[in-house]
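Encoded as structure tokens, the structure appears first; notes follow it.
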4 protein chains.
Amino acid sequence: MGVDATRRYRLLLACPDEPGIIYRVSGALTARACNIVAFDQHSEGVAGGYYFMRAEFDAPIPFDTQGFEAQLAELLPQEGSSWRLRAQAQRHRLGILVSRESHCLEELAWQVERQDIDAEIKVVISNHARLESIASRFRLPFYVVPVSPETKAAAESQMLDILRRYEVDTVVLARYMQILTERFIAAYPRQIINIHHSFLPAFVGANPYQQAYDRGVKLIGATAHYVTSELDAGPIIEQDVHRVDHRHQVEDFKRIGRYVERMVLARAVRWHVEDRVLPHGNRTIVFPI
Amino acid sequence: MGVDATRRYRLLLACPDEPGIIYRVSGALTARACNIVAFDQHSEGVAGGYYFMRAEFDAPIPFDTQGFEAQLAELLPQEGSSWRLRAQAQRHRLGILVSRESHCLEELAWQVERQDIDAEIKVVISNHARLESIASRFRLPFYVVPVSPETKAAAESQMLDILRRYEVDTVVLARYMQILTERFIAAYPRQIINIHHSFLPAFVGANPYQQAYDRGVKLIGATAHYVTSELDAGPIIEQDVHRVDHRHQVEDFKRIGRYVERMVLARAVRWHVEDRVLPHGNRTIVFPI
Amino acid sequence: MGVDATRRYRLLLACPDEPGIIYRVSGALTARACNIVAFDQHSEGVAGGYYFMRAEFDAPIPFDTQGFEAQLAELLPQEGSSWRLRAQAQRHRLGILVSRESHCLEELAWQVERQDIDAEIKVVISNHARLESIASRFRLPFYVVPVSPETKAAAESQMLDILRRYEVDTVVLARYMQILTERFIAAYPRQIINIHHSFLPAFVGANPYQQAYDRGVKLIGATAHYVTSELDAGPIIEQDVHRVDHRHQVEDFKRIGRYVERMVLARAVRWHVEDRVLPHGNRTIVFPI
Amino acid sequence: MGVDATRRYRLLLACPDEPGIIYRVSGALTARACNIVAFDQHSEGVAGGYYFMRAEFDAPIPFDTQGFEAQLAELLPQEGSSWRLRAQAQRHRLGILVSRESHCLEELAWQVERQDIDAEIKVVISNHARLESIASRFRLPFYVVPVSPETKAAAESQMLDILRRYEVDTVVLARYMQILTERFIAAYPRQIINIHHSFLPAFVGANPYQQAYDRGVKLIGATAHYVTSELDAGPIIEQDVHRVDHRHQVEDFKRIGRYVERMVLARAVRWHVEDRVLPHGNRTIVFPI
């Protein structure tokens, strides 16, 4: 909006809480002629608690990111601080893992295509050939990597190779129906997003819609979360629900669920790629818009 | 609305499904000069499944209810059929059990007072004296029946005595924090409604808001259900949720939860006293408005 | 589900209310060995009011539809009754009109493809070439019919020709940004569904999101309605809203609105093609699932 | 939480946007040994736009509020800046105006009683005697000031006298069915909150539920807004909706609407008394929790 050239950055930081952090960080930015255009923060508000900040700012060109990060290291508590600085123009690179259900892949491809999700889908990997036509509709590279109990280790190695080749930084499990090993998960810490088709922690494990039907619930839901080594137990990014009643059979739950799932997953991915999500222990701080 | 005197009835029935039930029941009503003003039905739609019906109708005065019920017994399958016929003017008689939290009691008293819930609160029983002032605000009889592990059996006997004295037909656990014994529950089969402060089956048992906070969920909820001998496992009547985020502490969950709880419980009680709920196994068929 | 061959039908009827209609219609079906599998009804409940019914039933093969309809004509009040009987297998044939925005077309094509909407899209017509690639993705015939004030009459004639050639029975305005003439509307009475990008009747006319922004509303919405000759005033089929706040600019309203619009339109079209919508005056009776 | 004595303050400010405001304000607070515990901000993000901030902070005792405010005046742009500094312990003093409908008064009294709304209700004024018993239930002073077209000026003077006597700073129109004159409104600029029983701007004026019914909408709503001299047109603080369908008559709209109205009004009042609402032109910036 200005006459001078600037470039937009996003800073996401977490550190042990102490007075003056806003002042010091905003001071460092102001001294470097940066203009803060969006600012969110959260303090746990308890002794020994953490402080979380997200700032979007326009920096002059050139902007000495190394110098700024070195200064941050000085300004923040020495122990337990972490941050991520990213130019908005440097978009996240997504790898999407799918099985046979297309709706989550389609929604993501669609929202990326229309730039509602400001990221790039670099590759789609599946353990079945079924969704190749969907991937080709959106001109996305598609790889089939079959998985069986015997071949799991080799299959995961192959998948990691593909993801690295495409320089993927975020993996989305868009109804990928295989459980990943710790080794795979460790390669993308807090960078794998899964959509679980229930309102977690209700109905963990297989067939959540059947479980929900059997329990006679009046709302069904979906949960997007970061994947950790414990199944369906990682930090939750987003959840939503939809009303059902006695007229709905399991098939109706699946139909309705498809729409909840794709909306919840798309929101979670959008917030992740806009650097709006800070996992902290088993919780997330999310600054959504 | 008519010139002739009529009286409104509600028929709620469940029976093994077979063709022609609508025809036979509506025929019996038509032959008795009854006018159906509201009609809902549900068929499980599977072999061996059940059929459920709710009809509101205006019957001429006098209306031979015994004759009509005898006819129903003939028209419906001999095995497994059940129904309830009730004059709308014969309102449900509620007994409310509370502990220290007032919000559910207040909401129920209020909605009954303004006739949004078309029932009568006959008595309030608590294991603490704390809510006496709330009960007296609404001029409701209030009894304190303390409960300890040693006195539980005697206390429940005393409570059952009070409920019988007031001819209560439906017991509402409006944040009553004691677990009832099977003996108590058996005295009011499918007539005890509880509000659980979570989105069941997530977070059964104690301190559900703390559990929800620890899990980092993005929605909290409440569940109204019929009480069975298995804790927090009876047929669900109604559920709802409210959005929370990282800024909300457990105390905020409780504050927000109070509003979800009282709305969910009030809806469940309203549907129950308007004869809109049919429990069937561990599920409910609800014909809400 | 049975051994005998049957075929599923849907009956949708509206008539002046009088006692006994359920009995007579269900009797006619039972006498013809039809099994009612879903049944909804609504009575306006006032003197001179209307009665509305939707029945899904399995009829034996062959089923004398003409005879049944002749019988209906006898059973229902002579004046003011109307009905529609349709075999479920005889799917609705949709013609979709679009301009430059793709999201509604994509959602409909997608839901039809996965049979969540049980209909056929026979043709897509646009006043711009832009969405041709979307139509071809789903292998849908696509016609460009440019419209200018001078050519409007000719353009509409051309569009009606195309719609007739494809034997379209329902026209969906999926963000078609031209106002149709009375002549066009008269060709598809109560069979043209439009999506308006506001919570009608707020913000009729052009640029509803700008209007909503200027008014500072906290919720934005979308409305699917049947098109009548009065702009944005036809019977409403479905509406929904999404929360916004001060951080959202008009562009954000449009982004969020795209998801509300496509969900609302898809629901309305699904209900229409499943014969669940009865327009009556300027209102609709909807029996949704 | 600390050992040293502190007192919590809230600062709410609006000023023309320019770089460095966060830095300067947080610097002033840090220099005075204040600890920011909650911080929200919004920038309109356009040339000539405004900047809005809300900070909650713990200040040491004593805290030189005059000195701090003088410093703010120096730090912020000379033209167009405004702010409000308030000790959290200094609670808002509410005057509630009602007519015959009790539900909004009851909800407010109730939430204040349980301190969900951290304010004091100093007085209730009505143009009817009907709600006296409700006020006395909560031990609130209650005045009847009848209003007729001829006595309106005198009545408003009398009401202003009462409000001043109780040192009311915020007036809540809790279903007060009289239109206030400009003179009255000018006495409480942006300090009068009204609940309108529709989703504004739909259905302005009288009988919004009848209007909604006649239009056949599928959602009804309520709107809390600051009162300005133009009827139903002031800045919106909060809105919400509830689903209705063809079965609901105008009386049902009113019943459902009561719950939407009291929730929406209670939220708006809570945010107002926690200094979370900044009116700006005809819009509001709300930092809710």
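Here, each number is a calculation from the coordinates, and none is a lab measurement. Here the structure is a predicted model, which is why all the values come from computation and not from measurement. Glycine gets a Cβ as well: all are built from the backbone with ideal geometry, and neighbour counts include every protein chain shown.
Quick look at the values:
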read-out: At most 16 other Cβ within 10 Å, DSSP loop - trypsin sites (Lys or Arg not before Pro), the stretch A:121-164; value: A:130, A:139
read-out: Charge sum, other residues only, whose C-beta stays under 9 Å from residue A:177's C-beta, Lys/Arg counted +1 and Asp/Glu -1; value: +1
read-out: Unit charges on C-beta of K, R, D, E only; dipole of the stretch A:70-185, Debye; value: 300
read-out: Fewest-first sequence of B:162, B:237, D:61 by Cβ atoms within 10 Å of each Cβ; value: D:61, B:162, B:237
read-out: Pairwise label distance in nanometres, residue C:242 with residue C:136, each label 7 Å out on the Cα-Cβ vector; value: 3.0
read-out: Rounded to the nearest 20 debye, dipole of the protein assembly as shown from Cβ charges on Lys, Arg, Asp, Glu; value: 0
read-out: Phi-based couplings in Hz for the stretch D:115-126 (Karplus 6.51, -1.76, 1.60; Gly and Pro marked x); value: 6, 5, 9, 8, 8, 10, 8, 8, 7, 10, 10, 9
read-out: Prolate/oblate/rounded call for the stretch D:144-289, Cα gyration tensor, a/c under 1.5 rounded; value: oblate
read-out: Charge dipole (the stretch C:1-65, unit charges on Cβ, about Cα centre) - positive-most of C:12, C:25, C:60; value: C:60
read-out: In the stretch B:193-289, the GluC sites (Glu not before Pro) that fall in loop regions by DSSP, at most 11 other Cβ within 10 Å; value: B:230
read-out: Options A:181, A:192, A:211, ranked by Cα towards positive dipole end of the stretch A:175-250, top entry (Cβ charges); value: A:211
read-out: Sequence-distant residues sharing a close amide H with residue C:284 (under 5 Å, placed H); value: C:236
read-out: Highest-MSF residue in chain A out of A:229, A:26, A:136 [GNM, Cα springs under 10 Å]; value: A:136
read-out: Whole-Hz couplings from phi, Karplus 6.51/-1.76/1.60, listed for the stretch B:229-236; x for Gly and Pro; value: 5, 8, 4, 6, 10, x, x, 7
read-out: Overall Cα dimensions of the protein assembly as shown - principal axes, largest extent first, Å; value: 87, 70, 70
read-out: Cα-based radius of gyration of the stretch C:6-87 once divided by 2.2 N^0.38 Å, which approximates compact folds; value: 1.05
read-out: Inter-label distance, nm, simple model (7 Å from Cα along the C-beta direction), residue B:8/residue B:215; value: 4.0
read-out: At most 14 other Cβ within 10 Å, DSSP loop - GluC sites (Glu not before Pro), the stretch A:1-105; value: A:79
read-out: For the stretch D:220-226, 3J(HN,Hα) per residue [Karplus equation, 6.51 cos²θ - 1.76 cosθ + 1.60, θ = phi - 60°, Hz, x = Gly/Pro]; value: 10, x, 9, 9, 9, 8, 6
read-out: Averaged over B:201-208, number of beta-carbon atoms from partner chains that fall within 10 Å; value: 3
read-out: Relative contact order [Cα under 8 Å, 6+ residues apart], the stretch D:6-87, whole percent; value: 50
read-out: Under-5 Å amide H pairs with residue B:17, H placed in peptide plane, nonlocal only; value: B:49, B:50, B:51
read-out: Total charge dipole magnitude, the stretch B:92-286, about the Cα centre, Cβ charges on Lys, Arg, Asp, Glu only, Debye to nearest 20; value: 240
read-out: Cα-based convex hull, the stretch B:20-64, per residue volume (Å³, whole number); value: 71
read-out: Positive minus negative residues near residue D:69 (Lys, Arg vs Asp, Glu; Cβ under 13 Å); value: +1
read-out: Gaussian network model of chain A, Cα within-10 Å springs - most flexible of A:145, A:264, A:46; value: A:46
read-out: Net charge of Cβ neighbours under 14 Å - reference residue A:80; Lys, Arg +1; Asp, Glu -1; value: -4
read-out: Residues with amide H under 5 Å from that of residue C:38, placed H, sequence gap 5 or more; value: C:56
read-out: Residue D:233-residue C:250 pseudo-label distance in nm [points 7 Å out on the Cα-to-Cβ vector]; value: 2.0
